[in-house]
Amino acid sequence: MSNEVITEFRDSGENFVKLAKSASSEKLHKSQTSEEWSPANIIHHMADAEAHFYIRYLRVLTENIPTTEFFDEDVYPELLHYEKRAVNASIALIESIRASSVSLFNNFKDEDWQRKGITSDGNEFVLIALIKKARSHINDHANQLSAALQAN
């Protein structure tokens, strides 16, 4: 099972990065409405989310049932100046974190997949579930990115 999870995780990241790299510069900062994220915002969000996921993996692997915090994705675009950030740097961050994650996962012992953490709202989880959540998260945003690029 672990090889399948690693492959799906790797492929989901590669698919997102390929889609992000295909975005033309004229479409990156356009959105259909003020409520929708632009393609650039989606890419920056994924870079930030991947960084958070990676920290969670490290904490679960090195601490005894750590509490992992969620982040407020709604404040990030303004407070982290998404409109001024370099899209290529965010894409590179996603690629790098995904490669580092896959390298980490390839060295797991069987028991590492079942290490536990607790969410900030008190729900216990196992590491493999967190990894699957990261895979689903990037797939969801790949679909969002694809739709945003087609709409512009």
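Only a single criterion out of (1) over 20 Å from Ser22 (Cα atoms); (2) part of a helix (DSSP H, G or I) is not satisfied by Ala142, namely (1). Of Asn88, Asn123, Asn106, all but one fail to be without any contact (Cβ under 8 Å) to a residue 40 or more places away in the chain and surrounded by 10 or more Cβ atoms within 10 Å (Cβ to Cβ); the exception is Asn88. The residues of the stretch 109-120 that are outside any helix (DSSP H, G or I), surrounded by 12 or more Cβ atoms within 10 Å (Cβ to Cβ) and out of contact with any Asp or Glu (no Cβ under 7 Å at 6 or more places or on another chain), listed by number, are Arg115, Gly117, Thr119.
Among the residues making up the stretch 91-103, a single one is loosely packed, with under 14 Cβ neighbours inside 10 Å, over 20 Å from Asn41 (Cβ atoms) and of a type in the set (A, V, I, L, M): Ala99. Scanning the stretch 50-82 for residues that are free of Cβ contacts under 8 Å to residues at least 40 places away in the same chain, closer than 19 Å to His29 by Cβ and not hydroxyl-bearing (Ser, Thr, Tyr) returns Glu73, Asp74, Glu78, Leu79, Leu80, His81. The sole residue among Ala49, Ala40 that is more than 10 Å from the chain's Cα centre (by Cα) and surrounded by 17 or more Cβ atoms within 10 Å (Cβ to Cβ) is Ala40. I'm checking my understanding of the structure. Among residues of the stretch 86-107 that are among the aliphatic types (A, V, I, L, M) and in contact with an Asp or Glu (Cβ under 8 Å, 6 or more places away or on another chain), which one is nearest to Leu61 (Cα to Cα)? That would be Ile97. Of all residues being over 15 Å from the mean Cα position of the chain (by Cα) and among the hydrophobic types (A, V, I, L, M, F, W, C) in the stretch 129-152, which is surrounded by the most Cβ atoms within 10 Å (Cβ to Cβ)? Just the residue, please. Among residues in the stretch 129-152 that are over 15 Å from the mean Cα position of the chain (by Cα) and among the hydrophobic types (A, V, I, L, M, F, W, C), the one surrounded by the most Cβ atoms within 10 Å (Cβ to Cβ) is Ala148.
Where helices (runs of 4 or more DSSP H) fall entirely within the stretch 1-94, those with at least 2 residues that are modelled with pLDDT of 90 or more and among the aromatic types (Phe, Trp, Tyr) are at 2-22, 39-62. Here is a check on your reading of the model: is Ala86 of a type in the set (Gly, Ala, Ser) and more than 18 Å from the chain's Cα centre (by Cα)? Considered against the rule, which asks whether it is of a type in the set (Gly, Ala, Ser) and more than 18 Å from the chain's Cα centre (by Cα), Ala86 comes out as no.
Would you confirm whether or not the stretch 124-142 contains a residue that is modelled with pLDDT under 95, touching a strand residue (DSSP E or B) at 6+ places or on another chain (Cβ under 6 Å) and not aromatic (Phe, Trp, Tyr)? No, the stretch 124-142 contains no residue that is modelled with pLDDT under 95, touching a strand residue (DSSP E or B) at 6+ places or on another chain (Cβ under 6 Å) and not aromatic (Phe, Trp, Tyr). Taking the criterion of being of a type in the set (Val, Ile, Thr) and farther than 13 Å from Phe53 by Cβ, the only residue of the stretch 89-111 that qualifies is Ile91.
The values are calculated or read from the model by the stated rules, or taken from the named source; none is laboratory data. This one's a predicted model, so the numbers in the text were calculated from it and none came from an experiment. A quick note on method: Cβ atoms are made from the backbone with ideal geometry, for glycine too, and the neighbour counts reach across all protein chains shown.
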